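**Q** Below is one structure. I have some questions about it.
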Amino acid sequence: MVFDHDGKVVANAYEKHEQIYPEPGWVEHDANEIWDNTKKVIDAALSSAGLDAEQLEAIGITNQRETTLIWDRETGQPIHNAIVWQDRRTTDRIETLEADGKTDDVRAKTGLEPDAYFSATKAEWLLDNSDPIKLQRSRPEDIRDRAADGELAVGTIDTWLIYNLTGNHITDVTNASRTMLFNIHDMEWDDELLEEFNVPRELLPEVRPSSDDDHYGETDADGFLGAEVPVSGALGDQQAALFGQTCFDAGDAKNTYGTGSFMLMNTGDEAVMSEHGLLTTVGFQRSGEPVQYALEGSIFITGAAIEWLEDMTLIDNAAESEKLARSVESTDGVYFVPAFTGLGAPHWDQRARGTIVGMTRGTRREHIVRATLESIAFQTRDVAEAMQSDSDIDLSSLRVDGGAVKNNFLCQLQSNILDTEIVRPQVDETTALGAAYAAGLAVGYWETLDELRENWQVDREFAPKDPQNVEARYGRWKEAVDRSLDWAREE
């Protein structure tokens, strides 16, 4: 996406990439496909707007966090597909960690709840299970030996793209904070965690601010862009949305409704440790300034539940969900817990699975569709209640973004269930906008945060109305969640 000084979209292009499911609960991406698609969409966006790459002031990157890959520094080739944030193959490893009594130590250092969601166990799995033949036939050495010798590189997708754009092995503080290898208080890779997960320090990228005045590097004038453009900003997608929503002050909160939903509240320069199942994470950092922290509630499946409705041919497309949900007065007692890959905050049950309860012979697809939208709103309330308890801040207003917020029914439903004002901005692609802001601030395209605040414009506000027994329904929702827990067990 290309943005101008007013934060308006000048051009955009997109490509889907393949979701690879080698086994139940496993999710992978082809990192080379992601890089190829990145080049395609940059070229396509510039071409559609009649722009030349030399007109770009800077490039910012945002990415699905936690997705992890390892590549050969010499050839630039991945040694295995990237393991995606949703992947559950390392659940047993996390349970071993918990059984060894190490949960509190990990939580204290990283702000994270030990889970297969994060990068540490993915990197460990790649080092233990990638086929050395795929590296180079002339080098049959053990992968771990090559990693310790500095011949391999590990990274999340931001690191992979920065490497391909600039040749430098760099990540930003927000993505580092999601690896379960990074101490968010000392702001550096943690030796004890590296030892625990057997990840050599030589594999790791340099950690830099999210908006970096020194830049991560520049594109090659002889490369696909044909111009030297500074790559100067990077944020994991949820922190990017926090930044794009201009949540720069303590107490500001946003919720992004994407594949999953991620609610973040800025807690300023204090890392507030959660007592209610939330994550403490790095919100963002500008060059030369203190780190800003955030509380985060990670909900694994929300928009993906609507995609599941499409997969099951209950709807033809996502837009149809609003019409069908409005066509019935209620779910008729049906509750859907979309725990396809376990449950995140505040439950943290890796073995929870998708559950539909309350169906009768009279249940119709409209009821299931409405129950799916209600599940998104109920999961958000689970997180919001935990967040308010941890922060002692009442949530008077919630800024929302992501694909699902185009659904007015969902926005109104969310307002009713939270009993809170929902505010939708005019530019709802705030994840991409946040990355652009980070990059632009680093090169002086924008000078101050106040300029960005002035760009932020409201599209529509939703106030609570006609709650329809919200408290009783929320109580039944929690009962449905209880029925989904601890379902997936080894045969």
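Here, each number is a calculation from the coordinates, and none is a lab measurement. Since we're looking at a predicted model, the values are computed, not measured. Don't worry about glycine lacking a Cβ; one is built from the backbone with ideal geometry, like all the others, and counts go over all protein chains shown.
**Q** For Arg353, state whether it is part of a loop (DSSP other than H, G, I, E, B), in contact (Cβ under 8 Å) with a residue 12 or more places away in the chain, surrounded by 15 or more Cβ atoms within 10 Å (Cβ to Cβ) and basic (Lys, Arg). Step through it out loud before you land on a result.
**A** Numbers: part of a loop (DSSP other than H, G, I, E, B): yes; in contact (Cβ under 8 Å) with a residue 12 or more places away in the chain: yes; surrounded by 15 or more Cβ atoms within 10 Å (Cβ to Cβ): yes; basic (Lys, Arg): yes.
Considered against the rule, which asks whether it is part of a loop (DSSP other than H, G, I, E, B), in contact (Cβ under 8 Å) with a residue 12 or more places away in the chain, surrounded by 15 or more Cβ atoms within 10 Å (Cβ to Cβ) and basic (Lys, Arg), Arg353 comes out as yes.
**Q** Now for a different question. Restricting to region 452-491, and then to whatever is touching a residue at least 60 places away in the same chain (Cβ under 8 Å) and part of a loop (DSSP other than H, G, I, E, B), can you tell me which residue is farthest from the chain's Cα centre (by Cα)?
**A** Going through the qualifying residues, I end up with Gln468.
**Q** Restricting to region 412-439, name every residue that is surrounded by 24 or more Cβ atoms within 10 Å (Cβ to Cβ) and under 19 Å from Val10 (Cβ atoms).
**A** Within region 412-439, Thr430, Thr431, Leu433, Gly434, Ala435, Ala436, Tyr437, Ala438, Ala439 qualify.
**Q** When region 1-15 is examined, which residues are found to be in a loop (DSSP other than H, G, I, E, B) and in contact (Cβ under 8 Å) with a residue 12 or more places away in the chain?
**A** Met1, His5, Asp6, Gly7, Lys8, Asn12, Ala13, Tyr14, Glu15
**Q** Of the conditions (1) within 30 Å of Leu413 (Cβ to Cβ); (2) among the hydrophobic types (A, V, I, L, M, F, W, C); (3) in contact with a Leu (Cβ under 7 Å, 6 or more places away or on another chain), Met263 clears all except one; give me its number.
**A** The one condition Met263 does not meet is (3).
**Q** Continuing with the same structure: What is the one condition in (1) in contact with an Asp or Glu (Cβ under 8 Å, 6 or more places away or on another chain); (2) under 22 Å from Thr156 (Cα atoms); (3) assigned to a helix (DSSP H, G or I) that Gly25 does not satisfy?
**A** (3)
**Q** Moving on. How many residues, within region 207-246, are within 17 Å of the chain's Cα centre (by Cα) and part of a loop (DSSP other than H, G, I, E, B)?
**A** The total comes to 2.
**Q** Residues Glu228, Glu151: which one is touching an Asp or Glu at 6+ places or on another chain (Cβ under 6 Å) and farther than 26 Å from Lys102 by Cα?
**A** On inspection, the qualifying residue turns out to be Glu228.
**Q** Sticking with this one: Search region 85-97 for residues being without any contact (Cβ under 8 Å) to a residue 60 or more places away in the chain and in contact with a Ser or Thr (Cβ under 8 Å, 6 or more places away or on another chain), and hand back the single one that is surrounded by the most Cβ atoms within 10 Å (Cβ to Cβ).
**A** That would be Trp85.
**Q** Same structure again: For region 304-338, enumerate the residues that are farther than 17 Å from Gly402 by Cα, in a helix (DSSP H, G or I) and either of a type in the set (Val, Ile, Thr) or touching a helix residue (DSSP H, G or I) at 6+ places or on another chain (Cβ under 7 Å) (or both).
**A** Leu309, Leu324, Ala325, Arg326
**Q** Also, quick follow-up: Looking only at region 98-112, which residues are in a helix (DSSP H, G or I), surrounded by 21 or more Cβ atoms within 10 Å (Cβ to Cβ) and aliphatic (A, V, I, L, M)? If you could, list the steps in order and put the result at the bottom.
**A** Within region 98-112, the first condition is being in a helix (DSSP H, G or I), and the residues that meet it are 98-99, 103-110.
After this cut, where a residue has to be surrounded by 21 or more Cβ atoms within 10 Å (Cβ to Cβ) as well, the list is 106, 110.
Once the filter is applied, which keeps residues that are in a helix (DSSP H, G or I), surrounded by 21 or more Cβ atoms within 10 Å (Cβ to Cβ) and aliphatic (A, V, I, L, M), region 98-112 yields only Val106.
**Q** A further question on this structure: Looking at region 385-421, which of its residues are under 26 Å from Ala319 (Cβ atoms), outside any loop (DSSP other than H, G, I, E, B) and under 21 Å from the mean Cα position of the chain (by Cα)?
**A** Of all residues in region 385-421, those under 26 Å from Ala319 (Cβ atoms) come to 398-418, 420-421.
If we keep only those that are outside any loop (DSSP other than H, G, I, E, B) too, we end up with 398-401, 403-406, 408-418, 421.
Residues satisfying the conditions are Leu398, Arg399, Val400, Asp401, Gly403, Ala404, Val405, Lys406, Leu410, Cys411, Gln414.
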